[in-house]
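Peer 1: The following block contains the structure, expressed as structure tokens.
Each reported figure results from applying straightforward, stated rules to the coordinates on display, with no laboratory input. Predicted, not measured: the structure shown is a model, and the values here were computed from it.
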Amino acid sequence: MCGRYFIADEAIRGFDLEALNRTCVSGGEIQPGMEAPVVVSEDESVQAMRWGFSREQGGLVINARVETLHEKPLFRGIADSQRCAMPASRYYEWRRTDKQKFAVNLRDVGLFYLAGLYRMGEAGREFVVLTQPPVKAIQPVHNRMPLILPDRPSLLRWLAGETPLFSDNVSVLVRAVGPEQLQMAF
């Protein structure tokens, strides 16, 4: 499950953000409920959207399992037509056994994308991050991970509806976040 991600300020500057209100969309750690930059079309235009689909009973749905997208009523109608991607420099997972926070980066890649879906909610556009079973390096930390688009060609294929719904060939670097700053050798 992806509950937070980070985008470096220098990475966000690579996008044309003139149309966005810079006071609400910037780099840094992105958490559910916050507005974030989201790529929504093959021309790589970026829009500000809130992370999380609002629910009638309250709360937010922040992730969607790729395995059940076409079965769940919340996603079935938009699974193929309202794709988006969030630029990221890394994302975070928490190991359930001891609540240790881990940062996950792609090896030798400064900017990648998290695949997602978007919709128009009552308060404006909102998005969810797609999750999948983890690659081997993530398994000791968590049983889910975001669907990662590692480069621009995979981003464009995803937005055009051509990408399969699993990323199994990404090479990740996992490190503990906190006082110990351990480099994990998974």
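Peer 1: Straight-line reach from LYS136: which lysines fall under 21 Å, measuring Cα to Cα and dropping same-chain residues less than 8 apart?
Peer 2: LYS99, LYS101
Peer 1: Mind telling me which of ALA137, ALA88, ALA48 comes out most flexible in a GNM of the chain, alpha-carbon contacts under 10 Å?
Peer 2: ALA137
Peer 1: Right, next: Looking at the square roots a ≥ b ≥ c of the eigenvalues of the Cα gyration tensor of segment 20-124, which shape do they give, rounded for a/c under 1.5, prolate if a/b is larger than b/c, or oblate? Please list the in-between numbers first.
Peer 2: On the way: a/c = 1.40, a/b = 1.14, b/c = 1.23.
Because its axes are fairly even, with a/c under 1.5, segment 20-124 counts as rounded.
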